[in-house]
1. Please go through (1) over 15 Å from the mean Cα position of the chain (by Cα); (2) surrounded by fewer than 22 Cβ atoms within 10 Å (Cβ to Cβ); (3) within 30 Å of residue 177 (Cβ to Cβ) for residue 128 and return the number of the only condition it doesn't satisfy.
2. Could you tell me whether any residue of segment 164-184 is assigned to a loop (DSSP other than H, G, I, E, B), touching a residue at least 60 places away in the same chain (Cβ under 8 Å), touching a helix residue (DSSP H, G or I) at 6+ places or on another chain (Cβ under 6 Å) and farther than 22 Å from residue 37 by Cβ?
3. Of the numbered conditions (1) surrounded by fewer than 17 Cβ atoms within 10 Å (Cβ to Cβ); (2) under 23 Å from residue 163 (Cα atoms), residue 80 satisfies every one except a single condition; which is it?
4. Kindly provide the set of residues from segment 49-59 that are under 15 Å from residue 15 (Cβ atoms) and either within 13 Å of the chain's Cα centre (by Cα) or crowded, with 17+ Cβ neighbours inside 10 Å (or both), ordered by number.
5. Given the residues 97, 105, 134, which is the only one that is farther than 24 Å from residue 21 by Cβ and in a helix (DSSP H, G or I)?
6. Got a sec? Which of 117, 136 is crowded, with 17+ Cβ neighbours inside 10 Å, closer than 26 Å to residue 41 by Cα and under 18 Å from the mean Cα position of the chain (by Cα)?
7. Among the numbered criteria (1) surrounded by fewer than 18 Cβ atoms within 10 Å (Cβ to Cβ); (2) modelled with pLDDT of 95 or more, which one does residue 161 miss?
8. For segment 139-157, what are the residues that are over 24 Å from residue 105 (Cβ atoms) and surrounded by 14 or more Cβ atoms within 10 Å (Cβ to Cβ)?
């Protein structure tokens, strides 16, 4: 089954209305596409996993429901098992092995996109264009900043990808800058 971005977007917006969750989905999609290009993989498939990975979260936010419900819905709608398992692999509590490049990438980029966006939002300009790897690393050390972002998972994800942390941050940051207007993070004029 081939899945178009339009189909993925329709499914995402069927379940997700929160603009912050939609922007998160767009950010993860952009990061996944960047990694697909780097690794010579199918950008459409990887982007689909990024865009849809949290589609069930707004309705099913608990660890008992989130991901599990989404995976069931994807299966019911005929999604390829490879993509269903990749969606599940973004959440470490599922225990799904991250034994493919796709599964490693979704795990690696998910939390990092949130941290980079948080760094942009505290810049005086509120602009992603003013964020650097160094500014992300500076906020990284402040454990009170973006407290919900699991830095250990980001480090683990980079290690599983075989990419140094600074390079991983740079790849994801560049991907997000590429969709700065969709994210609403161009900042103040």
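1. Status for residue 128: all satisfied but (2).
2. No, segment 164-184 contains no residue that is assigned to a loop (DSSP other than H, G, I, E, B), touching a residue at least 60 places away in the same chain (Cβ under 8 Å), touching a helix residue (DSSP H, G or I) at 6+ places or on another chain (Cβ under 6 Å) and farther than 22 Å from residue 37 by Cβ.
3. Of (1) surrounded by fewer than 17 Cβ atoms within 10 Å (Cβ to Cβ); (2) under 23 Å from residue 163 (Cα atoms), only one is false for residue 80: (2).
4. The initial filter retains those residues of segment 49-59 that are under 15 Å from residue 15 (Cβ atoms), namely 51-59.
Residues satisfying the conditions are 51, 52, 53, 54, 55, 56, 57.
5. Of 97, 105, 134, the one residue that is farther than 24 Å from residue 21 by Cβ and in a helix (DSSP H, G or I) is 134.
6. Sole residue among the options that is crowded, with 17+ Cβ neighbours inside 10 Å, closer than 26 Å to residue 41 by Cα and under 18 Å from the mean Cα position of the chain (by Cα): 117.
7. (1) is the only condition that residue 161 fails.
8. Hit for segment 139-157 is 145, nothing else.
The values are calculated or read from the model by the stated rules, or taken from the named source; none is laboratory data. All figures in this text were calculated on a predicted structure; none of them were measured in a lab. All Cβ positions, glycine included, derive from the backbone under ideal geometry; neighbour counts span all protein chains shown.
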